[in-house]
Each structure stands twice: as structure tokens, then as C-alpha cells.
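The values are calculated or read from the model by the stated rules, or taken from the named source; none is laboratory data. Here the structure is a predicted model, which is why all the values come from computation and not from measurement. Glycine also receives a Cβ, built like all others from the backbone with ideal geometry; neighbour counts cover every protein chain displayed. Each accessible area value is taken on the protein alone, full model and side chains, heavy atoms only, with ligands, DNA and RNA left out. Shrake-Rupley method; radii C 1.70, N 1.55, O 1.52, S 1.80 Å.
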Amino acid sequence: MEFKDYEKISVATDVVMLAGDIRQTNEVKSTDDYILKILLIKRNTEPSKGKWALPGGFMDADKTADEAVKNKLKLKTGLEDYYQEQLYTYTDVDRDSRGRVISISYLALLRQGDVDITQGSNEAQWFTVGIVRDEERNIKDVKVLDDSYNIIELAFDHNRIIRDAIIRIANKIMYTDIAFYLVPEEFTLRGLQDIYEFLLGKEFLAFRRFIAP
């Protein structure tokens, strides 16, 4: 077959934009409380018009995936300085009703207060992330919740992408400094401990000793 004979495939980027929503006090808090926020946009076109979705879009032919994501985040948030890494590539043939669309997903960790969500042409809103665990406390699923803790139905396969992003952070938190990107520049030790306990599903009785170099 020649190049022109192959079916055209579209490539998109989707970004899981997370920020820590931590307390600035040292009061004791249950590990079942929700302390992560995710930024979503409301789709104003079909398919899935009116549903909430990850920020993203189709890639231009003259951009790399990294460039496309940086441009999208700057457009949506005004930010240029944040933690970013590529997550996974999603290739299920039926993930988009418009045709064959491959999505290169990214993880971005932000400080919620630094983000201007009034930019862009879509309505944007912060939602709460809830983790569903199995009997061994492993991450089974992730739910996106509104202020009343109602589950938000997301467009496409974006719930799966968010789950994979949370699992990625939980897997890296024990051997990298990734948790520090989820707290403000000034934070309490208890606030940082919340992040660890929420993502790992367990309590740290001597967290100060654990975190000490």
C-alpha cells in the first residue's frame, strides 16, 4: 500500500490538570477526605456537548505534542511554569464518535490559586477528585465530584485517563518529590501529609520522620 491509501487518523492531546486543595492548619483529618482538585472544561460542541472534559484538542501539523500541550495550557490558564509529564497514549478505535482519534495524554500539576480559569472560549471549573479503593487499598477507580459530591459524567474516556494519572502520581510519590508540586509555596507539614495519605490510602504515624532527609 502507498501512503495515500492509509486511513487518516487524527491525533489529540488531553491534559489532566491537578492542584492540591490542602488545609493550612494542623488539625487531624481523615484520609477519606478529598484534597485534590481537577480543572475541566464544558464542551460547547458535539460530540458530548454540555459534558465536562479534560482540556485538550487536536494537534496542528506543525506542532509536537509537548508544544501543543504547552500552548493549550497557556491559553486555558495563563501559566507557563508548572510540572508536566506525558502520561499515556490512548488508541481504542471507538473512543471518539467522529472517527479514529488517538489521544496523547499529559499530567500537569498546578497551584490552584495561580490559575485564571476565565480565559479561553469554554466554561472552566475546578472539581473534586475522589478515589475508590479495593479491599487492599489499591486504587480501583477515580470519581470526579461537584461541590455537593455528586458524580460528574465526563466526555469520551476521560475518566479512565484521570484514573491513570492519579495512579501514576501515587506510584511516584514514594521515590520522587512530585507531591511538592501539589502544595503552595508555603504549606504546613500536615497539609503535605494529607497529600501522601490521600494518594497512598494509609496513615503515617511518624510522617515527620518519614519525610526527613
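Please work out which residue is modelled with the highest pLDDT, limiting yourself to the stretch 6-23 and to residues that are outside any strand (DSSP E or B) and open to solvent by less than 50 Å² (accessible area, probe 1.4 Å).
Of the residues in the stretch 6-23, the ones outside any strand (DSSP E or B) are 6-9, 21-23.
Among the residues that remain, those that are also open to solvent by less than 50 Å² (accessible area, probe 1.4 Å) are: 22-23.
On the way: Ile22: 58, Arg23: 50.
This residue is Ile22.
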**Request:** Being open to solvent by less than 70 Å² (accessible area, probe 1.4 Å) and under 25 Å from Tyr149 (Cα atoms) is the filter here, so list the residues in the stretch 43-52 that pass it.
**Result:** Arg43, Ser48, Gly50, Lys51, Trp52
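Just give me the residues in the stretch 170-201 being among the hydrophobic types (A, V, I, L, M, F, W, C) and over 17 Å from Leu110 (Cα atoms), in sequence order. Walk me through how you get there before you give the answer.
Keep residues of the stretch 170-201 that are among the hydrophobic types (A, V, I, L, M, F, W, C), which gives 170, 173-174, 178-180, 182-183, 187, 189, 192, 195, 198-200.
Correct list: Met174, Leu189, Phe198, Leu200.
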**Cross-chain or 6+ apart pairs with Cβ under 6 Å, the stretch 53-76 first and surrounded by fewer than 20 Cβ atoms within 10 Å (Cβ to Cβ), then of a type in the set (Gly, Ala, Ser) and in a loop (DSSP other than H, G, I, E, B)** = Ala53/Ala155; Leu75/Gly120
**Message:** Exactly one condition in (1) among the hydroxyl-bearing types (Ser, Thr, Tyr); (2) under 30 Å from Glu186 (Cα atoms); (3) open to solvent by 60 Å² or more (accessible area, probe 1.4 Å) is false for Thr89; which is it?
**Reply:** (2)
**Asked** Since Lys51 meets every condition but one in (1) modelled with pLDDT of 90 or more; (2) touching a strand residue (DSSP E or B) at 6+ places or on another chain (Cβ under 7 Å); (3) among the charged types (D, E, K, R); (4) under 30 Å from Leu192 (Cβ atoms), which condition does it not meet?
**Response** (4)
**Request:** Could you run through the stretch 152-181 and say how many residues are within 27 Å of Gln193 (Cβ to Cβ) and over 11 Å from the mean Cα position of the chain (by Cα)?
**Result:** 12
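Quick check, is Ile167 open to solvent by less than 40 Å² (accessible area, probe 1.4 Å), closer than 21 Å to Val15 by Cβ, modelled with pLDDT of 90 or more and not acidic (Asp, Glu)?
Details: open to solvent by less than 40 Å² (accessible area, probe 1.4 Å): no; closer than 21 Å to Val15 by Cβ: yes; modelled with pLDDT of 90 or more: yes; not acidic (Asp, Glu): yes.
Here the answer is no, as Ile167 does not meet what is asked.
If only one of Asp96, Asp147, Asp92, Asp194 is of a type outside the set (Lys, Arg) and without any contact (Cβ under 8 Å) to a residue 24 or more places away in the chain, which one is it?
Result: Asp147 is the single residue among Asp96, Asp147, Asp92, Asp194 that is of a type outside the set (Lys, Arg) and without any contact (Cβ under 8 Å) to a residue 24 or more places away in the chain.
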**Request:** For residues that are at pLDDT below 90 and either basic (Lys, Arg) or part of a loop (DSSP other than H, G, I, E, B) (or both), tally how many sit in the stretch 63-93.
**Result:** 10
